[in-house]
Structures are given as structure tokens and as C-alpha cells.
Amino acid sequence: MKKLRVGVIGLGMGRYHIAGYQTHPNAEVVAVADVDPTRLAEIGDKFGIARRYPSGEQMLHDEKLDVVSVGTPNKFHKPLTLAALEAGCHVLCEKPMAMNADEARQMLAAAQQAGKRIMINFSYRFTEQSMALKRQVDAGVLGEVYYARTIWHRRRGLPGFGGWFSQKALAGGGPLIDLGVHRLDLALWLMGYPKPVWVMGSTYNRIGSALAKEKGVAFDVEDLAAGFIKFDNGATLEVEASWAANIAEKELMETRLFGTQGGLVQRNVEETYKFEAELYLERNGAQFDMKLHPPTPPVPTPMYHFVDSIVSDAPHIATGEEGLLVMEILDALYQSAAEGQPVKIRDGRTQ
Ligand SMILES: NC(=O)c1ccc[n+]([C@@H]2O[C@H](COP(=O)([O-])OP(=O)(O)OC[C@H]3O[C@@H](n4cnc5c(N)ncnc54)[C@H](O)[C@@H]3O)[C@@H](O)[C@H]2O)c1
């Protein structure tokens, strides 16, 4: 079978996309693009990719590609995705899908119109623990899931402090749209992506703004956000995300589901990006705990999954529809935080 020709735009996270594609025998990363010439040269050399472009647009104009990864700052996800779809490519876009739900809606509509795929890099699904838990939930082991809590906090972990991550005009928001988006997706995916009907959100910028003032850098996004989401099936989900919080842990990620027959947790261990998973069950009058035991079944990279779905003509996970639903929740949480009251969501739009 012929290899899919892949192009990668934005070579921060983009370098992991290249490595991810290189795990699939039917994919070849033939071109890369980045506005930073130093990074372009460094990553081009590292992965031995000769065809290098100073912009995604130029790459799309000059190359005939099948698949494009968009790994730029959030502001450029929409224009580069639209350009890639226009050029006849399937798109794997980094999270968050876009700056807001309006942009995400346009991206999804363009993909549908072009008859091309769009996948969002919700990479925290692609861990052994997440995949194993998903199989348990789908098998009905938890019974009916009625409540969930999903968090990602950092004691002091402001990405590229003062750079694009800290600027609303480039990022769309702070840790909620950056970290919260991963934990939200994970909880929603495990819960079967129920439809949100209203949210209550609150954002804060106390520690981040004080640090920014001290260092004389830009910082106009939240440093901590919390939210409560109600779904049409009656279930609720609590989300928390921060880059700067006075907690013990350097890095704390945890997603819990509460069901009528059992509960689960997926959390990071020892403040690292390694995870563990447990189930809490009641069986024949006794309470049992189950822990996922290593070695765990291996999972593919998101890039392998995307390519494999294309070549085998099978549906992929982490769809544009799910990316859009997350953006709708984020929009509503930010709006609720700004207005200081709950916000209703009807047909995907805030009221
Ligand atoms: N899935 C994950 O786990 C994960 C982790 C980190 C970041 N991300 C996401 O990846 C994206 C990039 O984040 P990052 O940490 O790599 O940022 P980064 O700043 O390290 O890298 C972004 C790169 O994009 C380049 N760039 C900027 N504007 C561009 C444009 N218009 N066209 C082409 N290149 C451009 C920059 O020069 C830079 O090399 C963000 O959307 C972020 O949310 C995802």
C-alpha cells in the first residue's frame, strides 16, 4: 500500500507528531513548516526531513500531502486547518481545537464539506490506563455514571511565561483551555460525551498576575479555573485547572468517575507524566479495589491511530465533533466566569 504523505506545521509539539507518524509503516513525514528558522533547521535535521518551509501556507502550496498536523499556537489552528482542508488533506490538530467554539464550528463544517477527517490531539486518551478504563466503563462495570471530577493543577508551571500561552489573543485563555481541555476530554470520553446543558465557572489570576508584574511580562489569562457542568442525562462534572496554585504537588492530574456499581480513578504518579488506574467495586456484599497491573497493554500514538484509521477506512477517535463540544463547554465556562452567574447551553451555543 502506498504511504500517506504527511506535513507537520509548528515544531514544538510538532516534533512529537513527527515521531508519532514514524511509528506507522504507511506514513512518511515528507515536509515540515515553522516560522522560526532555527527551530525549522533543528527539527528538520533531527528527523532527517529535507523539505522545510517558513510557513504552513507555503508548504501546502508546494507539496502534495495527504495528512497535515497543526501544532502551532492556538490562534493559528483555525486558519491552518482550513488551508490544509482546502488543499485536500486530512488534519490532526493540536488541542484545544480552536480559540473558541465559533472557530471550531467553522473547522468542522469545512472538514465535512471537503469530505476530509479532522482529529484533535487529545493525547491523554492514548495512555494504557485511559484505554483500559474506557473498556471497563463501556462494558458497564461502573453502572450508571452520575458524577465525575477531573483536575490538573501545578504548583508553579506557567508554560513559556510571558509568551503566547499567557496572552489571550494568541491562546484564547489560560490553564483551563491549555490543561483543563485534556482532563475535560478524558472525563467526557469516559462518560460517553453527554450533552452539556448548563455550566458555572470561575477564574482567578492572583499568583500569575503578581509574578508577571514582578518579571515585567504579559499575562492576561487566568492562572486557575474551576467549573461545574450539568448534562442532559442528569450527570455532573467538576473541572479544575491551574498553572500556579499553592498545593504540595508540582504536577497533579486526576480524573474520577462515580457510578452506581463502581468508581474509577486515573491519576499521575509521583508528580510525573506517568499514570496509574484503579477501580472501586462492590461485589456480592463486599468492597473490592482493582488496580491496573503493569505491564499494561501497549497503545498506539495518536498519529499512528489517525493514519491507521485512514488506511483501514475505519472511524478515528478524538473527533472534531468532540473537539467542538469541549470548546462549547470552555466558552460557557469563561462566559460564566465573566458574568458571575450560570450559563445555559442550547444547541451547542451559550445563552
Ligand atoms: N497534546 C499535548 O499534550 C500538548 C502539549 C503541549 C502543547 N500542545 C499544543 O500544541 C500547540 C503548540 O504548543 P507548543 O507547546 O508546541 O508551543 P511552542 O511555542 O513550543 O511551539 C509552537 C511552534 O509553532 C511555531 N509557530 C508559531 N506560529 C506559527 C505559524 N503561524 N505557522 C507555523 N509555525 C508557527 C513556533 O515558531 C514554534 O516553533 C498548542 O496548541 C498547544 O496547546 C499540546
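Miscellaneous remarks
- Inter-label distance for Tyr273 and Lys213, nm, one decimal - labels placed 7 Å from Cα along Cα-to-Cβ: 3.4 nm
- Each residue of the range 56-70 is assigned a 3J(HN,Hα), and the resulting list reads x, 4, 5, 4, 5, 6, 8, 10, 9, 10, 9, 9, 10, 9, 10 Hz, derived from the Karplus form 6.51 cos²θ - 1.76 cosθ + 1.60 (θ = phi - 60°), x at Gly and Pro.
- Reducing the range 115-160 and the range 276-337 to their Cα centroids gives an inter-centroid distance of 4 Å.
- Based on DSSP H segments of at least four residues, each scored -39500 (n - 2.57), the chain has a per-residue ellipticity at 222 nm of -10000 deg cm²/dmol.
- Partners of Lys64 within straight-line reach, counting aspartates and glutamates whose Cα lies under 19 Å from its Cα and excluding those fewer than 8 residues away in the same chain: Glu28, Asp34, Glu86.
- Neighbour-count order for Asp138, Asp66, fewest beta carbons within 10 angstrom listed first: Asp138, Asp66
- Relative contact order of the range 96-183, pairs being alpha-carbon contacts under 8 Å that are 6 or more residues apart, as %: 32 percent
- Which of Leu330, Gln261, Asn284, positive extreme of dipole for the range 251-351 (C-beta unit charges): Asn284
- Cβ-based net charge around Ala337, under 12 Å, with every Lys or Arg adding one and every Asp or Glu removing one: -3
- Computed over the alpha-carbon pairs of the chain, the distance histogram in 10 Å steps reads 6, 24, 33, 26, 10, 1, 0 percent, short to long.
- Straight-line cross-link reach from Lys134 at under 19 Å between alpha-carbon atoms covers these lysines, not counting any fewer than eight positions away in the same chain: Lys195, Lys274, Lys291.
- Taking a Cβ cut-off of under 14 Å around Glu42, the surrounding Lys, Arg, Asp and Glu residues balance to a net charge of +1, with basic ones at +1 and acidic ones at -1.
- Neighbours of Val30, meaning other residues whose beta-carbon lies under 15 angstrom from its beta-carbon, give a summed charge of +2 when Lys and Arg score +1 and Asp and Glu score -1.
- Using only side-chain charges placed at the Cβ, +1 for Lys and Arg and -1 for Asp and Glu, the dipole size of the range 133-173 relative to its Cα centre rounds to 300 debye.
- Selection from Ser130, Leu188, Gln167, by position along the positive dipole direction of the range 116-215 (Cβ): Gln167
- Ordered by the number of other Cβ atoms lying within 10 Å of each residue's own Cβ, fewest first, Lys95, Lys134, Lys291 fall into the sequence Lys291, Lys134, Lys95.
- Here the range 116-210 is assigned +1 on the Cβ of each Lys and Arg and -1 on the Cβ of each Asp and Glu. Its dipole about the Cα centre then comes out at about 240 debye.
- Calculated from backbone phi, Karplus (6.51, -1.76, 1.60) coupling profile of the range 231-238 in Hz, x at Gly/Pro: 10, 5, 8, x, 6, 10, 9, 9
- Contact order normalised by residue count of the chain, Cα under 8 Å, 6+ apart, percent: 19 percent
- Among the chymotrypsin sites (Phe, Trp or Tyr not before Pro) in the range 243-351, those located in a DSSP loop and surrounded by at most 11 other Cβ atoms within 10 Å of their own Cβ are Tyr273.
- The charge dipole of the chain, taken about its Cα centre with unit charges on the Cβ atoms of Lys, Arg (+1), Asp and Glu (-1) only, comes to about 200 debye.
Bear in mind these aren't lab numbers, they're just calculated from the coordinates by the rules spelled out. All figures in this text were calculated on a predicted structure; none of them were measured in a lab. FYI the Cβ positions are ideal-geometry reconstructions off the backbone, even for glycines, and counts take in every protein chain you see.
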